Number of protein chains: 4
Amino acid sequence: MRPNIKNIAVLTSGGDAPGMNACIRAVVRTGIYNGINMFGVLQGYQGLITNNIIPMDARSVSNIIHMGGTILKTARCLEFKTDEGQDLAFENLKAHNIDALVVIGGDGTFTGARRFAQRHQINVIGVPGTIDNDLYGSDFTLGYDTAMNTVVEAIDKIRDTADAHDRLFFVEVMGRDSGCIALRSAIACGAEAVLLPEKETSIDELVKQLGAGAVTKKTSSIVIVSEGHKQGGAYDIAKHVKERFDHYDTKVTILGHLQRGGSPSSFDRILASRLGYAAVNELLKGSTQMMVGLRGNEIALTSLDEALTEHNFKLESDLLEMTHVLSI
Amino acid sequence: MRPNIKNIAVLTSGGDAPGMNACIRAVVRTGIYNGINMFGVLQGYQGLITNNIIPMDARSVSNIIHMGGTILKTARCLEFKTDEGQDLAFENLKAHNIDALVVIGGDGTFTGARRFAQRHQINVIGVPGTIDNDLYGSDFTLGYDTAMNTVVEAIDKIRDTADAHDRLFFVEVMGRDSGCIALRSAIACGAEAVLLPEKETSIDELVKQLGAGAVTKKTSSIVIVSEGHKQGGAYDIAKHVKERFDHYDTKVTILGHLQRGGSPSSFDRILASRLGYAAVNELLKGSTQMMVGLRGNEIALTSLDEALTEHNFKLESDLLEMTHVLSI
Amino acid sequence: MRPNIKNIAVLTSGGDAPGMNACIRAVVRTGIYNGINMFGVLQGYQGLITNNIIPMDARSVSNIIHMGGTILKTARCLEFKTDEGQDLAFENLKAHNIDALVVIGGDGTFTGARRFAQRHQINVIGVPGTIDNDLYGSDFTLGYDTAMNTVVEAIDKIRDTADAHDRLFFVEVMGRDSGCIALRSAIACGAEAVLLPEKETSIDELVKQLGAGAVTKKTSSIVIVSEGHKQGGAYDIAKHVKERFDHYDTKVTILGHLQRGGSPSSFDRILASRLGYAAVNELLKGSTQMMVGLRGNEIALTSLDEALTEHNFKLESDLLEMTHVLSI
Amino acid sequence: MRPNIKNIAVLTSGGDAPGMNACIRAVVRTGIYNGINMFGVLQGYQGLITNNIIPMDARSVSNIIHMGGTILKTARCLEFKTDEGQDLAFENLKAHNIDALVVIGGDGTFTGARRFAQRHQINVIGVPGTIDNDLYGSDFTLGYDTAMNTVVEAIDKIRDTADAHDRLFFVEVMGRDSGCIALRSAIACGAEAVLLPEKETSIDELVKQLGAGAVTKKTSSIVIVSEGHKQGGAYDIAKHVKERFDHYDTKVTILGHLQRGGSPSSFDRILASRLGYAAVNELLKGSTQMMVGLRGNEIALTSLDEALTEHNFKLESDLLEMTHVLSI
């Protein structure tokens, strides 16, 4: 039985990720198609508190499916962690008669959403949106595929010049707690070594790996360093390696925030559209405190409780083993 | 128990697809890592018959992971469909002491491989490589993700100029029997309509859909036409629509074979690496007449028999319904 | 001495080209920086007649420098070719106290602008904006460089699959009267042959060229066909060649309007910024009926009279000769 | 009158740049077309000394026009700065009967070439190949246009996320002595500020510029830092700004060597083809100790003496002024 939902709002929160706009579009249009009045909240939870809430129609999401970033913007919001903040947010939603909320973001976003739905009479569905691909309940999160393509295209360019010069290149990629981008980009680029936050690798081990490459006549080596690696970032690692390994020149690239931007890949746009469409349909069926995700080729529901207590990305040891085999 | 395999050959057959080179690399290096002598067969099954077989080492697959096409080339080969052709191919393999074969390709490739393995004493593993994503046993085939990004980037460019001009654009994409690329690129680009080989759509219906868009003040419309649509290709459709709908200008793009090329996406490179690695490991475990695929995030085995009798891509009616909702 | 200019309008007309938005941004901001009130005219000359004229400030051109298309849109306008249309346009400009006009477009745009400035008391500067690169007075026109990169990236993808298969590919590119895109993309892609609107090439000659390639063991051939070629488009040519040359498979791609879209290249953005900046500065110096262009690395002024009577792109015979030498 | 040249060698030296392969291809095929025996020298001047010289035919440069890096590789070579090194190099060339040399590179490359041609009986033509665009005698150097597109695409991605978050982004680009890439990418990306090696900018001035942006409600700011800036690299600048300007979050990207790689742009491929073609034709006319360059749309010759004493890239003050006007 369909609950009596007439007004739905959508917001993006946390680090932005490619595909968020495609998801906003899907949420808004699916709502309107079903006769719902749709609203957008600007600046994430901050906008709930400051009442920065605007009506949205089908045209307000035209021509955004291909854009990086988020037209609703995001912001950090400490106040939403307080009872006062949560109550003020609820009052603002009620003033617009908003019955339900779609939140697009990561761990922190879902934590705030769960508490909000437990404290107040409002239905909430979460959509996993983060380039880190570290949420339980979905094979992929919005933005991860695009970020991977960005990283791989960058490293391909470095490989061109690496081949010309017999050098060691260190490339720092995002992933403070999760090595998913680092490990998988190492596979996709044929990197000679990868340093992950989940696994300690000593400079000795790294030098040994790189030395083996030299013996087999590889003409260049690329080392991918996750920003969360315990030995430090790419600069520090490069410095330590240089001390031990002086016949190679070492060069450093820090990709930084360009990994968060760019036009979403086809994969991310389809994922975003399916998840946004599913999020509204779930609200209309009465679901709440759930995350919509993709498992195989099917939409899957996970309770926010479960999504927040499990961790999706464990170090994929089989893939790590594979990087060693394939970079011989 | 590991069978007594000492020499493995790899070939690519059928239409080439981005990721084939990454897969060849993975096959060759996984074999060498395990002490196997590796061989490449040039020109697909044709090369088996003409004995165009070369030894490969770890360096012969350096710097190919990012390249489109296939370094082993492909060719059509009618002779391999005959008993004589199959027997000659087997003699050539025996002359090199080759015990097992990895074949990368689609339906036709697997049909040839199955017969070969049934007729002769040779172990064969198939890897799904085709941009059409129409094989049973794997969520994705090699090259599909890259082809999708190519199509989406092309249509994004058309959208730029469509917005400037109030025009109707018809874009023909690949997929003679499968509308997977057409349907999913329609979602990813926010196309106004899509014509699929699996579903008859009359010009009347199409005109009606496009007219509805005009009423809601959409400034431009893009129609994606699968090359296998029953009403003809994009040129024919555009001509018929023009006759009914004269206040719009109609323009046609035929993407053609550029959809088969390009540097493989990160997704395709990882898929190719995992499947190539798994193919050799399966041969070393004694598997034969199987296809390696990806289901969710796991490697899955399907017998060639099953892969050839089932069809993976059925028209995804839920996605087709979604395209109508999201293009309002 | 600076003339008494207080209000300037900008419009885009004719086929849209990447870089138009970057140019609009430069025109608007340069005007505002100099204390001028700036206006945008929507839909080109059509908007002058329908009074579709809006005020623009520095923020109204934020975040458009990287976008294809034109935020001011373009349209064809037969009415502006009549005295009544021109007079009505002038009345509308006067109603907004607009003293001067920047028009971005090609031949047709400049023809209209010259007549308008001759008939009425209004200063006009033209900016060359067309992907065809066929205007006298500027080494390059806005959008040409981006279109070239689009064509080259497309043909590179076709080359991947061409190498795999021993095929003949025919690629149709834009250029109804000018073979600039066709000739120069032939050089940039190493095409085996190119058919230009400026030069008749018989099927016999073409077959001869392609046959020579086969003899020297080239594994694939790409023929670029300008849409204005006298023997017909790529489809027709491919059909004729196929009849003579049956051991090759022939495949056709029609790039169509995707050549007009896409994010402008760095070159086009800088060109657009410089020309827009110069256009306003010239108006403030009292110039009128002039086109701003780039000659070498310097801004150059050409009268609209001269720009409209000379033709910039003559067939570059030296480059055509070079394509034959380099494709051996 | 054509000199008696029968054998020509080509080499790449210094930092590699996109377009070098397209140029090697043009040099080799132009030579072969004219009946010359062609040779490639591996590892730049190092290969002259170690006699790493190989014959090249038309097929040895097939399918490289679109590749970054250089198939001939480059290396630094201190020995070529000595008399002994130069003499040894000459002996090796004579052993192959090589009469003339095409060198592709920058300042350092030309310095070595000039001395070599003065000391020994050998004709030498230089081709300007460096991403820095800092050579006198050519409007553009090979690789500069591609590097610019790489930088601009990277900063576009950062802009996506900048808009979402109200942040200050610092992006370090190449150019130890020349701010050409920094200044022109600032224009192409609409950066809020740019720090150049040619011009001291104090942190106070920078903070003032960025503060002005905040007042006019710009939602994000990007600062481009040339690696040669006197106040330090992007990390140091970001740290200093952060101390003064605490309401903004600051983020840093170091593009590094990815700026040297990538498939060459259409512009660079055409430039490379024209210059390589001209270099061989000049040798066949008897020219020596000259650099071939592009001025406007024409090939221009400059003596190596002049190229090495003049400096092409002076700070373009008009463009710097323009960046301030256009980023209001």
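Key figures for this structure:
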{"item": "Residues that are hydroxyl-bearing (Ser, Thr, Tyr) and within 12 Å of chain B (Cβ to nearest Cβ), drawn from the range C:103-157", "result": "C:Thr146, C:Thr150"}
{"item": "Selection within the range D:94-144 - among the aliphatic types (A, V, I, L, M), out of contact with any Asp or Glu (no Cβ under 8 Å at 6 or more places or on another chain) and crowded, with 18+ Cβ neighbours inside 10 Å", "result": "D:Ile98, D:Ala100, D:Leu101, D:Val102, D:Val103, D:Ile104, D:Ala113, D:Ala117, D:Val124, D:Val127, D:Ile131"}
{"item": "Unique match (being surrounded by fewer than 23 Cβ atoms within 10 Å (Cβ to Cβ) and hydrophobic (A, V, I, L, M, F, W, C)) among D:Ile65, D:Ile5, D:Ile24", "result": "D:Ile5"}
{"item": "Verdict on D:Met290 being assigned by TED's automatic domain parsing to the domain that holds D:Gly137 and aliphatic (A, V, I, L, M)", "result": "yes"}
{"item": "In the range B:133-159, the residues that are within 28 Å of B:Gly85 (Cα to Cα) and among the charged types (D, E, K, R)", "result": "B:Asp134"}
{"item": "Filter result for the condition that a residue is touching a residue at least 60 places away in the same chain (Cβ under 8 Å) and either in the same structural domain as A:Ile222 (by TED's automatic domain parsing) or outside any loop (DSSP other than H, G, I, E, B) (or both), over A:Leu168, A:Leu135", "result": "A:Leu168"}
{"item": "From the options B:Ala17, B:Ala58, residue that is closer than 28 Å to D:Gly262 by Cβ and surrounded by fewer than 20 Cβ atoms within 10 Å (Cβ to Cβ)", "result": "B:Ala58"}
{"item": "Qualifying residue in the range B:257-264 (condition: within 14 Å of chain C (Cβ to nearest Cβ), part of a helix (DSSP H, G or I) and free of Cβ contacts under 8 Å to residues at least 60 places away in the same chain)", "result": "yes"}
{"item": "Count - residues of the range A:68-93 that are over 13 Å from A:Tyr45 (Cα atoms) and either in contact with a His (Cβ under 7 Å, 6 or more places away or on another chain) or crowded, with 19+ Cβ neighbours inside 10 Å (or both)", "result": "3"}
{"item": "Residue count, the range D:22-49 (criterion: within 14 Å of chain C (Cβ to nearest Cβ) and either without any contact (Cβ under 8 Å) to a residue 24 or more places away in the chain or not in a helix (DSSP H, G or I) (or both))", "result": "5"}
{"item": "Unmet requirement for D:Thr250, which otherwise passes all of (1) more than 10 Å from chain A (Cβ to nearest Cβ); (2) under 30 Å from D:Glu227 (Cα atoms); (3) under 17 Å from the mean Cα position of the chain (by Cα)", "result": "(3)"}
{"item": "Within the range A:265-290, considering residues that are basic (Lys, Arg) and under 26 Å from A:Gly69 (Cβ atoms), the one farthest from the other protein chains (Cβ to nearest Cβ)", "result": "A:Arg274"}
{"item": "Filter result (away from chain B (no Cβ under 14 Å) and either assigned to a loop (DSSP other than H, G, I, E, B) or in contact (Cβ under 8 Å) with a residue 12 or more places away in the chain (or both)) within the range C:66-82", "result": "C:Glu79, C:Phe80, C:Lys81, C:Thr82"}
{"item": "Verdict on D:Leu315 being under 18 Å from C:Leu294 (Cβ atoms), hydrophobic (A, V, I, L, M, F, W, C) and within 14 Å of chain C (Cβ to nearest Cβ)", "result": "no"}
{"item": "Residue in the range A:108-120 that is small (Gly, Ala, Ser), under 22 Å from A:Ala272 (Cβ atoms), in a loop (DSSP other than H, G, I, E, B) and modelled with pLDDT under 95 present", "result": "no"}
{"item": "Boolean, D:Ala17 is assigned to a loop (DSSP other than H, G, I, E, B) and within 14 Å of another protein chain (Cβ to nearest Cβ)", "result": "yes"}
{"item": "Check on B:Ile8, in contact with a strand residue (DSSP E or B) (Cβ under 9 Å, 6 or more places away or on another chain), more than 14 Å from chain C (Cβ to nearest Cβ), under 20 Å from B:Leu275 (Cα atoms) and assigned to a strand (DSSP E or B)", "result": "yes"}
{"item": "Scan of the range D:272-319 for residues that are under 17 Å from the mean Cα position of the chain (by Cα), in a strand (DSSP E or B), surrounded by fewer than 24 Cβ atoms within 10 Å (Cβ to Cβ) and among the hydrophobic types (A, V, I, L, M, F, W, C), ordered by number", "result": "D:Leu294"}
{"item": "D:Cys180 being over 30 Å from D:Arg29 (Cα atoms), surrounded by 24 or more Cβ atoms within 10 Å (Cβ to Cβ), hydrophobic (A, V, I, L, M, F, W, C) and without any contact (Cβ under 8 Å) to a residue 60 or more places away in the chain", "result": "no"}
{"item": "Selection within the range B:291-311 - facing chain A (nearest Cβ under 10 Å) and at pLDDT below 95", "result": "B:Arg295, B:Gly296, B:Asn297, B:Glu298"}
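Here's the yes/no breakdown for (1) out of contact with any helix residue (DSSP H, G or I) (no Cβ under 7 Å at 6 or more places or on another chain); (2) on the phi < 0 side of the Ramachandran plot:
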| position | (1), (2) |
| --- | --- |
| C:Val27 | no, yes |
| C:Gln43 | yes, no |
| C:Leu48 | no, yes |
| C:Asn51 | no, no |
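For (1) in contact with an Asp or Glu (Cβ under 6 Å, 6 or more places away or on another chain); (2) in the same structural domain as A:Asn149 (by TED's automatic domain parsing); (3) modelled with pLDDT of 95 or more, each residue gets a yes or a no:
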residue: A:Ser220; (1), (2), (3): yes, yes, no
residue: A:Gly233; (1), (2), (3): yes, yes, no
residue: A:Val241; (1), (2), (3): no, yes, no
residue: A:Lys251; (1), (2), (3): no, yes, no
residue: A:Thr323; (1), (2), (3): no, no, no
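The values are calculated or read from the model by the stated rules, or taken from the named source; none is laboratory data. This is a predicted model, so every value here is computed, not measured. Heads up, the Cβs are rebuilt from the backbone with ideal geometry, glycines too, and the neighbour counts pull from every protein chain shown.
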